[in-house]
Amino acid sequence: MGAGTLYGAFNTLLEKGWIRLYSADKHSRKKKRYVITEDGEFALRQEMERLEELLVNGKRVLDQELAAEPEQKQERNERDVAVMPEGREKPDEEIQVIF
């Protein structure tokens with residue numbers, strides 16, 4: 001991660017009130033410490049819940065794929081080939097997205 005990206009992220013977190021300055025070295029403008037705020041902890045917990053939901057959905061997709069019988073997989077592969085534009089090869093794997 002570049003310094004500009006990192007400092008930009010800190011500035012965004014400060015603007016949103018998710019972190020606050022804890023201490024700064026008076027002799028160096030670069031040495032600063034930050035702490036998470038209550039709002040920041042709330043936002044972090046929400047983001048963790050969102051990511052956990054994505055994991056659950058991904059696992060559900062994989063479980064469905066593993067549970068499919070071989071005949072169903074073959075029918076699905078034949079259907080996928082039928083709708084592929086001429087001259088294009090079918091991808092090696094099928095990706096499903098569930099919202």
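Between the amide H of ILE19 and those of LEU14, THR37, distances stay under 5 Å, these residues lying 5 or more places away or on another chain, with hydrogens modeled in the peptide plane.
The ellipsoid equivalent to the alpha-carbon distribution of the stretch 1-53 has semi-axes of 25, 14, 8 angstrom, derived from the gyration tensor eigenvalues as √(5λ) and listed largest first.
None of the figures in this text is laboratory data; all of them are computed from the coordinates on show. All values derive from a computational prediction rather than experimental measurement.
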